[in-house]
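Here is the structure we will look at.
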Amino acid sequence: MKKLILTIIILGIGFSAFCQVVNGDTLSYDNKKILKVWGTHYERGYAHGYLLAECIREIAIDYFIGSYFQNNAALYSSRRAYYLANFWLEDKYQDELNGIIAGVMDAGVDLYSETLQRDCDVIDLQMANALVDISALFMTLNSDTLGCSSMSSWGESTENDPQLNGDLVITRNMDWSTNPVLLANHLLIVQIPDEIEETSWISMTFPGMIGALSAFNDLGISAFMNVGNVHNHPYTDELHPIFFSIRNGIETIDYNSDGVNDIYDVHNAISDNLHLSGSITHTASINEAIIIECNNAAGTQFRKVYNNTVVSGNNLVATNHFRQLYPPLYCYRYDNFVDSLNTSSDIDITRSWKITAAAGGVFSNLHTIQYIPSLDLLKWSTAEIGQPAYTLEPTVFDVVNLFTVYSDIDPYKWESTSLVLSFPNPFNSSTSLSFSIQQSTNVNLCIYNLKGQKIKTLINDSRNPGSYIVSWDGMDETGNRVVDGIYFYQFITGSFSETGRLILLK
């Protein structure tokens with residue numbers, strides 16, 4: 001598997017003519033753009049716009065107006081009028097989108113559309129973020145496949161995997177469009193809010209898209225949205241874009257004020273609003289998952305394992321067909337999942353990925369995502385021209401690393417709080433541990449298993465001041481490879497001691 005190496009491109013030291021600080025960093029790895037933003041909603045939006053100005057222009061003008069609306073100015077204008085008359089959006093998100101517009105302008109990139117004969121504004125960005133909702137008005141206009149599929153497993157279904165030990169794994173195919181603009185602009189956004197009622201979260205998305213299509217927060221709650229198959233919309237007053245309803249549940253620490261952040265915050269955030277399109281949202285935590293089915297005409301319901309009629313074990317599957325809100329219709333992908341799970345309901349990390357790829361993989365698959373909250377592990381593959389994401393090797397991310405707090409001294413650099421850095425982590429062949437010392441001292445660096453048993457001594461001697469790198473190849477003291485799973489390094493020098501986690505994968 002491909003591993004994330006944190007080669008940082010420092011783009012955060014930017015100021016506009018009004019001395020607006022850019023609260024953001026970007027880095028690029030394996031054809032994936034990663035954006036980290038922090039601060040208020042406006043500050044995060046400004047950094048997003050400033051750092052990804054050209055990409056946002058491509059998504060807004062070349063994809064959304066050009067491809068999705070086929071450069072049809074009259075149709076676009078009518079949909080804009082419909083949006084203005086029937087949708088609402090919280091002030092905080094409008095502030096963030098206004099920040100994006102300001103950041104793009106200060107970066108020197110214009111948002112002029114030849115089709116519209118004007119500059120794109122914040123309403124246009126709102127519409128782009130409500131793309132799924134607006135699609136309910138004209139499903140036959142474009143060829144985009146707003147599909148998706150996902151599978152979650154936990155409890156008895158994962159208890160035989162030594163890495164999971166009964167904890168949850170969720171794997172998701174995000175199917176959209178093979179449009180070249182989207183293929184060139186895969187984006188992972190790390191959001192670090194200043195607002196005390198909000199928590200940090202990550203989204204796998206595209207530039208300018210700030211809702212939650214595929215997202216999870218630093219408390220281990222994930223949500224992945226699939227389009228439903230029934231889009232009747234008799235109610236059109238006070239509509240809310242589904243991506244922002246899901247974001248409310250993911251980003252707000254306790255949306256439903258029940259004293260805990262869990263999957264039911266996502267459910268309440270969706271059920272509290274009226275939406276134009278049908279949606280199926282798969283939301284999960286360390287040890288539980290539900291599938292939230294929502295429709296303008298029928299309201300919101302969720303299904304759990306006890307609602308399964310054909311799926312065995314502690315497994316839940318979502319495709320693009322309602323199974324609770326409406327009588328289920330035939331779906332070959334759902335049947336493929338069922339066949340695999342009824343052969344064996346036991347799931348490990350690798351099998352979860354393989355089943356989701358084989359059962360749900362389609363040509364329009366843009367992202368395949370696997371998230372394991374108990375391991376702080378994210379795998380993400382992104383489509384390339386002629387190659388759906390599920391056919392490609394994923395990049396593996398350490399979620400703790402992604403959420404690492406930026407430095408108060410130099411807020412433009414991603415800074416590890418550890419003295420020891422390990423790359424890659426997770427790993428499957430070897431990992432390198434690097435550290436620096438300022439004076440001559442004895443250094444002890446050892447590897448331990450989950451039981452606290454020492455597996456390998458990497459260093460135990462005196463070292464002079466300087467920087468060092470030592471590798472661990474997954475072997476124990478006798479030269480045998482250890483089993484896959486979680487291990488810990490312990491670094492001791494003088495009175496300083498540090499312990500960190502290493503994940504060895506197949």
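Condition first: more than 28 Å from GLY166 (Cα to Cα), under 23 Å from the mean Cα position of the chain (by Cα) and in contact (Cβ under 8 Å) with a residue 40 or more places away in the chain. Can you find one or more residues in segment 288-308 that meet it?
Taking segment 288-308 as the starting set, the residues that turn out to be more than 28 Å from GLY166 (Cα to Cα) are 294-300.
Okay, now just the ones that are also under 23 Å from the mean Cα position of the chain (by Cα), so 294.
So of that shortlist, the ones also in contact (Cβ under 8 Å) with a residue 40 or more places away in the chain come out as 294.
Yes.
Just checking, which of ALA102, ALA73 is modelled with pLDDT of 95 or more, more than 19 Å from GLY211 (Cβ to Cβ) and touching a Leu at 6+ places or on another chain (Cβ under 8 Å)?
On the way: ALA102 fails: touching a Leu at 6+ places or on another chain (Cβ under 8 Å).
Only one candidate passes the filter, namely ALA73.
Looking at (1) part of a loop (DSSP other than H, G, I, E, B); (2) surrounded by 18 or more Cβ atoms within 10 Å (Cβ to Cβ), which is the only condition TYR83 fails?
Failed condition: (1).
Could you list, ordered by first residue, the pairs with Cβ atoms under 6 Å in which the first is in segment 184-195 and in the same structural domain as PHE397 (by TED's automatic domain parsing) and the second is in a loop (DSSP other than H, G, I, E, B), at least 6 apart or interchain?
Pairs that qualify, where the first residue is in the same structural domain as PHE397 (by TED's automatic domain parsing) and the partner is in a loop (DSSP other than H, G, I, E, B), are ASN185/PHE206; ASN185/PRO207; LEU187/PHE206; LEU187/PRO207; ILE192/SER200; ASP194/THR40.
When you scan segment 476-488, do you find a residue that is modelled with pLDDT under 85 and exposed (fewer than 15 other Cβ atoms within 10 Å of the Cβ), even just one?
No, every residue in segment 476-488 fails to be modelled with pLDDT under 85 and exposed (fewer than 15 other Cβ atoms within 10 Å of the Cβ).
Check off (1) free of Cβ contacts under 8 Å to residues at least 24 places away in the same chain; (2) among the aromatic types (Phe, Trp, Tyr); (3) not in a loop (DSSP other than H, G, I, E, B) for PHE243 and give me the number that stays unchecked.
Failing condition for PHE243: (1).
TYR371 fails exactly one of the following numbered conditions: (1) assigned to a strand (DSSP E or B); (2) of a type in the set (Ser, Thr, Tyr); (3) over 18 Å from VAL169 (Cα atoms). What is the number of that condition?
(3)
Residue by residue, here is whether (1) crowded, with 18+ Cβ neighbours inside 10 Å; (2) of a type in the set (A, V, I, L, M, F, W, C); (3) within 16 Å of the chain's Cα centre (by Cα) holds:
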{"residue": "LEU164", "(1), (2), (3)": "yes, yes, no"}
{"residue": "ASN173", "(1), (2), (3)": "yes, no, yes"}
{"residue": "ASN179", "(1), (2), (3)": "yes, no, no"}
{"residue": "ILE192", "(1), (2), (3)": "yes, yes, yes"}
{"residue": "MET204", "(1), (2), (3)": "yes, yes, yes"}
{"residue": "PHE216", "(1), (2), (3)": "yes, yes, yes"}
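Does segment 133-149 contain any residue that is outside any loop (DSSP other than H, G, I, E, B), of a type in the set (A, V, I, L, M, F, W, C), crowded, with 19+ Cβ neighbours inside 10 Å and at pLDDT 95 or above? Quick ask: steps written out before the conclusion?
We begin by selecting, within segment 133-149, every residue outside any loop (DSSP other than H, G, I, E, B); these are 133-135, 147-149.
In the following step, the residues that additionally are of a type in the set (A, V, I, L, M, F, W, C) were identified as 134, 148.
Those still in the list that are crowded, with 19+ Cβ neighbours inside 10 Å too: 134, 148.
Then drop every residue that is not at pLDDT 95 or above, which leaves none.
Within segment 133-149 (the criterion being outside any loop (DSSP other than H, G, I, E, B), of a type in the set (A, V, I, L, M, F, W, C), crowded, with 19+ Cβ neighbours inside 10 Å and at pLDDT 95 or above), the answer is no, since none of the residues qualifies.
Taking segment 321-376 only, how many residues are under 23 Å from GLN387 (Cα atoms) and without any contact (Cβ under 8 Å) to a residue 12 or more places away in the chain?
Residues in segment 321-376 being under 23 Å from GLN387 (Cα atoms) and without any contact (Cβ under 8 Å) to a residue 12 or more places away in the chain: 3 in total.
Restricting attention to segment 355-376, report how many residues are more than 22 Å from VAL399 (Cα to Cα) and either buried (at least 22 other Cβ atoms within 10 Å of the Cβ) or of a type in the set (D, E, K, R) (or both). Show your work before the answer.
Applying the first criterion (more than 22 Å from VAL399 (Cα to Cα)) to segment 355-376 yields 355, 357-365.
From what is left, the residues that are either buried (at least 22 other Cβ atoms within 10 Å of the Cβ) or of a type in the set (D, E, K, R) (or both) are 355, 359-360, 365.
The total comes to 4.
Which one of ILE385, ILE347, ILE355, ILE409 is at pLDDT 95 or above, of a type in the set (A, V, I, L, M), out of contact with any Lys or Arg (no Cβ under 9 Å at 6 or more places or on another chain) and over 24 Å from ASN217 (Cβ atoms)?
On the way: ILE385 fails: at pLDDT 95 or above; ILE347 fails: over 24 Å from ASN217 (Cβ atoms); ILE409 fails: at pLDDT 95 or above.
The unique qualifying residue is ILE355.
Restricting to segment 338-363, name every residue that is aliphatic (A, V, I, L, M) and assigned to a helix (DSSP H, G or I). Break it down into steps so the answer makes sense when it comes.
Going through segment 338-363, the residues aliphatic (A, V, I, L, M) turn out to be 338, 341, 347, 349, 355, 357-359, 362.
Correct list: VAL338, LEU341, ILE349, ILE355, ALA357, ALA358, ALA359.
If you take the residues of segment 249-275 that are modelled with pLDDT under 95 and aliphatic (A, V, I, L, M), which of them is farthest from VAL305 (Cα to Cα)?
This residue is ILE253.
Return the residue satisfying two criteria in turn: it lies in segment 1-30 and is in a loop (DSSP other than H, G, I, E, B) and out of contact with any helix residue (DSSP H, G or I) (no Cβ under 9 Å at 6 or more places or on another chain), and of such residues it is modelled with the highest pLDDT. Outline the logic, then answer.
If we filter segment 1-30 for residues that are in a loop (DSSP other than H, G, I, E, B), which is where we start, we get 1, 4-7, 10-14, 16-20, 22-23, 30.
After this cut, where a residue has to be out of contact with any helix residue (DSSP H, G or I) (no Cβ under 9 Å at 6 or more places or on another chain) as well, the list is 1, 5, 7, 10, 13, 19, 30.
Details: MET1: 50, ILE5: 34, THR7: 31, ILE10: 32, ILE13: 37, CYS19: 51, ASP30: 68.
Taking the candidates together, the pick is ASP30.
Before we move on, is SER312 modelled with pLDDT under 95 and surrounded by fewer than 20 Cβ atoms within 10 Å (Cβ to Cβ)? Even if it seems obvious, please write down each step before you answer.
On the way: modelled with pLDDT under 95: yes; surrounded by fewer than 20 Cβ atoms within 10 Å (Cβ to Cβ): yes.
Taking the combined requirement at face value, the residue satisfies it.
Mind counting the residues in segment 255-287 that are in a loop (DSSP other than H, G, I, E, B) and in contact (Cβ under 8 Å) with a residue 40 or more places away in the chain? Explain how you work it out, then say what you get.
Residues of segment 255-287 that are in a loop (DSSP other than H, G, I, E, B), as a first pass: 255-262, 272-273, 275-278, 285-287.
After this cut, where a residue has to be in contact (Cβ under 8 Å) with a residue 40 or more places away in the chain as well, the list is 261-262, 275-278, 285-287.
Of the residues in segment 255-287, 9 are in a loop (DSSP other than H, G, I, E, B) and in contact (Cβ under 8 Å) with a residue 40 or more places away in the chain.
Return yes or no: is ALA284 surrounded by 20 or more Cβ atoms within 10 Å (Cβ to Cβ) and more than 25 Å from HIS41 (Cα to Cα)? If you could, list the steps in order and put the result at the bottom.
Numbers: surrounded by 20 or more Cβ atoms within 10 Å (Cβ to Cβ): yes; more than 25 Å from HIS41 (Cα to Cα): yes.
It is true that ALA284 is surrounded by 20 or more Cβ atoms within 10 Å (Cβ to Cβ) and more than 25 Å from HIS41 (Cα to Cα).
The values are calculated or read from the model by the stated rules, or taken from the named source; none is laboratory data. Nothing here was measured: the structure is a model prediction, and the numbers come from that model. Reconstructed Cβ throughout: ideal geometry from the backbone, glycine too, with neighbour counts over all protein chains shown.
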